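Working notes, structure below.
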Amino acid sequence: MDMDMDRQVKKWVKRIKQSADKKSANGLVSHYFDEIYGYVFKRASSEEIAMDITQEIFVSMLQSIDHYDQRKSSFRTWLYQIVKRRIADYYRSKDYQEDRVIGINEEFEHNLQSSLVSAEKRVELAEIEEFIDRLDSQSREIFRLKIFEKCTFSCIAGMLDMPESTVKANFYATQRLVKEVFLWKD
C-alpha cells in the first residue's frame, strides 16, 4: 500500500473511532472489499457464502475497531486476523460440514459417471480429506492453500503472516505424513 493510502486508512480509522463516521466506514470497507472478498471466495464453497462471510468480516471489523492498536500492527494485518477467525468459524460450522459432504458426493458422482476414478480411489480421496481435516488448523490451511488453491509458498507466508521457511517446512512435513499414511494402499 502506498504512503498516501496508508495515511487515508489511518484517517478513516481515527474518524470511525472518534465519531462512528459513516463516510469513513464506507471508505474503509470499499478500500478493502475486493481484496477480502477474493481471499474469502478462494476458501468458500460458493459466491453466496463468500459474500456472507465477507459481510460478517466487515461488520465484525466495525464493531471491534476500537480494539485496533496501530502500535501493534498495521490495519491490514489486524483486519486479516478477523478474516482468519471468520473463515475458521465457517470451517467449523454445520453449513460447511454439510457443504463439504455435498461437495465430496458431487465430486464422487462426477468421477463415477466419467469412469475415470475407480471406487478404490474415491474412498482413498475421502480418507485423505478426513485425514487432512484432523490436522492442526495451521497445517490444514497451508496444505489446502498449496494443493487446492495452488498458492506459492511466498503467497501463503504473506497471507498467514509467517516466515516462508516455516510454511515450506510445515507443508513438506504434512505431505510426507500423508504419503506415509496412504502409501501402503498403492
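None of S114, S19 is more than 20 Å from D133 (Cα to Cα), surrounded by fewer than 11 Cβ atoms within 10 Å (Cβ to Cβ) and at pLDDT below 85 except S114. Are any of the residues in region 148-169 at pLDDT below 80 and not basic (K, R)? Yes - at least one qualifying residue is present in region 148-169. Looking only at residues in region 22-57 that are more than 15 Å from the chain's Cα centre (by Cα) and of a type in the set (S, T, Y), the one that is surrounded by the fewest Cβ atoms within 10 Å (Cβ to Cβ) is S30.
Of these, F182, F143, which one is over 23 Å from S45 (Cα atoms), touching a residue at least 24 places away in the same chain (Cβ under 8 Å) and of a type in the set (A, V, I, L, M, F, W, C)? Lay out the reasoning, then the answer.
Numbers: F143 fails: over 23 Å from S45 (Cα atoms).
After applying the criteria, what remains is F182.
Is it the case that some residue within region 3-15 is in a helix (DSSP H, G or I), aromatic (F, W, Y) and closer than 17 Å to D161 by Cα? The answer is no, given that none of the residues of region 3-15 is in a helix (DSSP H, G or I), aromatic (F, W, Y) and closer than 17 Å to D161 by Cα.
With the condition kept exactly as written, say whether any residue in region 3-14 is under 24 Å from C155 (Cβ atoms) and at pLDDT 90 or above. For region 3-14, residues under 24 Å from C155 (Cβ atoms) and at pLDDT 90 or above: present. Put simply, of R86, R71 the only residue that is charged (D, E, K, R), over 24 Å from V178 (Cβ atoms), modelled with pLDDT of 75 or more and surrounded by 16 or more Cβ atoms within 10 Å (Cβ to Cβ) is R86.
Scanning region 48-77 for residues that are within 14 Å of Y90 (Cβ to Cβ) and in contact with a helix residue (DSSP H, G or I) (Cβ under 8 Å, 6 or more places away or on another chain) yields I49, A50, M51, I53, T54, E56, I57, S60.
Conditions (1) assigned to a loop (DSSP other than H, G, I, E, B); (2) hydrophobic (A, V, I, L, M, F, W, C); (3) out of contact with any Asp or Glu (no Cβ under 9 Å at 6 or more places or on another chain), marked per residue:
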site	(1), (2), (3)
A44	yes, yes, no
E56	no, no, no
S64	no, no, yes
K72	yes, no, yes
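The values are calculated or read from the model by the stated rules, or taken from the named source; none is laboratory data. In this text, all values refer to a predicted model and were calculated from it rather than measured experimentally. Positions of Cβ are generated from backbone atoms using ideal geometry, with glycine treated the same way; all protein chains shown enter the neighbour counts.
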